[in-house]
1. Pick out the one residue from B:ASP83, B:ASP69 that is more than 30 Å from B:ALA149 (Cα to Cα) and acidic (Asp, Glu).
2. Return the only residue of A:LEU30, A:LEU48 being over 24 Å from B:ASP37 (Cα atoms), out of contact with any Leu (no Cβ under 6 Å at 6 or more places or on another chain) and buried (at least 17 other Cβ atoms within 10 Å of the Cβ).
3. Which numbered condition in (1) closer than 30 Å to B:THR45 by Cα; (2) surrounded by fewer than 19 Cβ atoms within 10 Å (Cβ to Cβ) is the only one that B:PRO217 fails?
4. Looking at the range A:31-47, can you tell me whether even one residue there is part of a helix (DSSP H, G or I), at the interface with another protein chain (Cβ under 7 Å from one of its Cβ atoms) and aromatic (Phe, Trp, Tyr)?
5. Evaluate the range B:136-150: report whether one residue or more is part of a helix (DSSP H, G or I), surrounded by 10 or more Cβ atoms within 10 Å (Cβ to Cβ) and not aliphatic (A, V, I, L, M).
6. Keeping to the range B:19-39, report how many residues are farther than 17 Å from A:PHE81 by Cα and facing chain A (nearest Cβ under 7 Å).
7. Here's a check for you: in the range B:194-214, which residue that is crowded, with 23+ Cβ neighbours inside 10 Å and either β-branched (Val, Ile, Thr) or within 14 Å of chain A (Cβ to nearest Cβ) (or both) is farthest from A:THR130 (Cα to Cα)?
8. Based on what the data block shows, is B:ARG270 loosely packed, with under 15 Cβ neighbours inside 10 Å, in the same structural domain as B:HIS187 (by TED's automatic domain parsing) and at pLDDT 50 or above?
Amino acid sequence: MSPFARHPRLFSIAVGLLALLLAAIPLPHLLDLLRPDFLLLVMIWFALMTPRIGGLTYAWLAGLSLDAFRGLVLGENAFAFVVIAYLVHYFHLRIRMFPLTQQALVVMSLLWLYQFLLFWIDGITGHPITGWARWLPALTGAALWLPLSGLLARYTHRS
Amino acid sequence: MSRLNEARTPYAQSRVSALGLRALILVGLSIALIVADYRGQGLNTVRRGLSLAAYPLQRLVDAPASAWDWANASLSAHRSLQDENTTLKHSAQESSLKLLKLATLEEENQQLRTLLGAKPASAESAQAATILQIDLDRLRQRVLIDQGAHDGLTAGQPVIDARGVFGQTVTVGPMTTEVILLSDPGHAIPVQIERNGIRTVAMGAGDAHRLILPYLPRNADIEVNDTLVTSGLGGVFPAGLPVGRIVEVNRDPAEPLALVSAQPAAALDRARHILVLSAIPTATLAPPASPATQRAVSAPKTRAVAPR
């Protein structure tokens, strides 16, 4: 039994912190443009597979900590994370049934929705960024879904 | 698929309405945060706290880069250090010569100003800071520096590197400060062409190697290789600091305005050490600062015109 399976909540926090670090590690500009939203992906996985642990509060706190890191307008990531988490929770029984590739497509549309929400709030608060680069991480994020869900499932395996 | 506790007790349908309620509460809370942060300064303490909480993690991300710096400094060969030392000595001599001249010029300038009855140009003090190696937002050109309110920084201070204007401070945390670069798409800086004194505005384009000057008429006297310096308007940057060099002037007969772009003088994507200049005292600014204009100063230098 994996030691993480005994303390799922601790595990979710540790993975969240790791994702936060990955979101800020310096990368060359081109790779930076492709950088997937690690924390959001992790949050979606916990909300999908372990809704008791990856609850809305977890999503909100994850979003808020991302806000603390990025610090443009406080609360914008928190808002977007809660909306995404709500959708995942609402449909989690259905999405779980999907084969992994189809799940990746659902995740991609969620990532796009996230970017759209940020785009929208940025526009309202007066820092609009219009460019195709904004929509790239949804693709890399969807591509990362398969290895990520495999990895996280492995560490939370019960037997 | 699920291997955690909830496999035993299925996620009941009755929880869905509770889910909706909780989502509504949290969304409301987030919107309240966004509005409060956007509207005023009410969230300063919250922001400070969050910034302080994020500090250890930010340091952790920066750690490999600073460890590399440290290793480089402590392991570099005796020979290369000697070479560096001699070149530095040479450049120090040259600059001290220039400084001597500058001191007399400054004195003369002050005397002339008193003769004219003009206000003395405010003396600037500078504070050195190091850029933390952290990627803040891939779409924006912002960096985090290792000095904050604790070191006496405030929002709206000009930041320069060894070659020219770098940006200005935006959000000040206790230990760290966010700096918006000249090249951020939301940044605009009042500039002047050194050769003939034409004043205009240089805007960021989201690219560390390019600034755009969107408000020059097609017949403006501007050429490639003209030097841009700050004009001193706007009350954030002192006059006369180098900003960049014109690299492209495109006069399309169909357009009323010329398409002009410049290369920033500062090494926006490479600099590690920067200087934060003291803010220009607000007393010398023309209109008294109301809360709204104060916000505009502390926010990234606001755009004059709607974004493209």
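The values are calculated or read from the model by the stated rules, or taken from the named source; none is laboratory data. What you see is a predicted model; the values in this text were computed from it and never measured. Every residue, glycine among them, receives a Cβ derived from its backbone with ideal geometry; neighbour counts consider all protein chains shown.
1. From the options B:ASP83, B:ASP69, the qualifying one is B:ASP83.
2. Going through A:LEU30, A:LEU48 in turn, the sole match is A:LEU48.
3. Result: B:PRO217 passes all but (1).
4. Checking the range A:31-47: not a single residue is part of a helix (DSSP H, G or I), at the interface with another protein chain (Cβ under 7 Å from one of its Cβ atoms) and aromatic (Phe, Trp, Tyr).
5. yes
6. Total meeting the criteria: 2.
7. Top of the filtered list is B:MET203.
8. Here the answer is yes, as B:ARG270 does meet what is asked.
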